[in-house]
Amino acid sequence: MNLAAAFVLLIALVGPTDKPATGAIAVTMVAVEATDDAGEANAKREKHFSADLDVPTCNALKELPYTNFRKIAAGSTKTDFEREARLRIDDTYTLCVAPLSKDEKGLIRTKVWIEERREDADAKEPVRKALVTTVKAVSGDKMILGGLKLKKGDLVVALTLKG
């Protein structure tokens with residue numbers, strides 16, 4: 001194998017790398033309680049959004065299989081790479097975000113988790129990570145996280161990272 005072929009093989013094995021990340025990342029979160037009151041399967045599935053939800057958030061939520069969306073929390077903060085940001089959703093849930101790196105296309109690789117506080121006195125851990133994921137986010141675009149239970153519906157979080 002010649003030297004050029006060995007170099008190409010090495011590049012293919014290593015692949016693109018993330019840049020060392022520096023700078024602040026703005027974290028914005030809107031949390032909603034999502035419910036489905038459509039009734040029959042053939043009923044018209046008209047969507048209802050609380051008046052305090054902005055249009056970009058409504059657009060990000062409209063394809064989800066729910067009919068009602070009520071804002072329960074919103075917040076924003078700034079963080080740096082390799083540092084955790086925390087935004088309280090309610091008495092039970094907290095959104096946690098830890099930006100890890102930025103790739104050559106500007107995508108922000110980020111670890112995201114939602115902590116759940118348990119009221120069960122017998123629980124081994126009073127706080128657990130109820131949802132954990134790692135994403136590559138387009139700066140300024142909304143990501144949707146969901147599936148955790150609230151009293152009347154499901155928790156859905158619209159998360160935006162900029163940086």
**Study point:** Theoretical gain in end-to-end length, residue 135 to residue 76 [0.36 nm per residue, Cα-Cα removed]
**Key:** 19.4 nm
Check your understanding: To the nearest µm²/s, what D does Stokes-Einstein give for the stretch 44-109 at 10 °C and 1.306 mPa s, using the Kirkwood radius over alpha carbon pairs as Rh?
Key -> 109 µm²/s
**Study point:** Under-27-angstrom lysine pairs by C-alpha in the stretch 46-110, whenever the two are 8 or more apart or on separate chains
**Key:** 5
Practice item. Give me the distance between the Cα centres of the stretch 114-153 and the stretch 32-111, rounded to whole Å. Key: 11 Å
**Study point:** Approximate spin-label separation residue 119-residue 151, in nm, with each point projected 7 Å along Cα-to-Cβ
**Key:** 0.9 nm
Practice item. Would you please calculate the Kirkwood hydrodynamic radius of the stretch 22-161 over all C-alpha pairs and express it in Å, rounded to one decimal? Key: 16.1 Å
Review point. Among rounded, prolate and oblate, which fits the stretch 116-160 when a ≥ b ≥ c are the square roots of the eigenvalues of its C-alpha gyration tensor, a/c under 1.5 means rounded, and a/b larger than b/c means prolate?
Key: oblate
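Bear in mind these aren't lab numbers, they're just calculated from the coordinates by the rules spelled out. These numbers come from a predicted model, not from an experiment. Backbone-built Cβ (ideal geometry, glycine too); neighbour counts: all protein chains shown.
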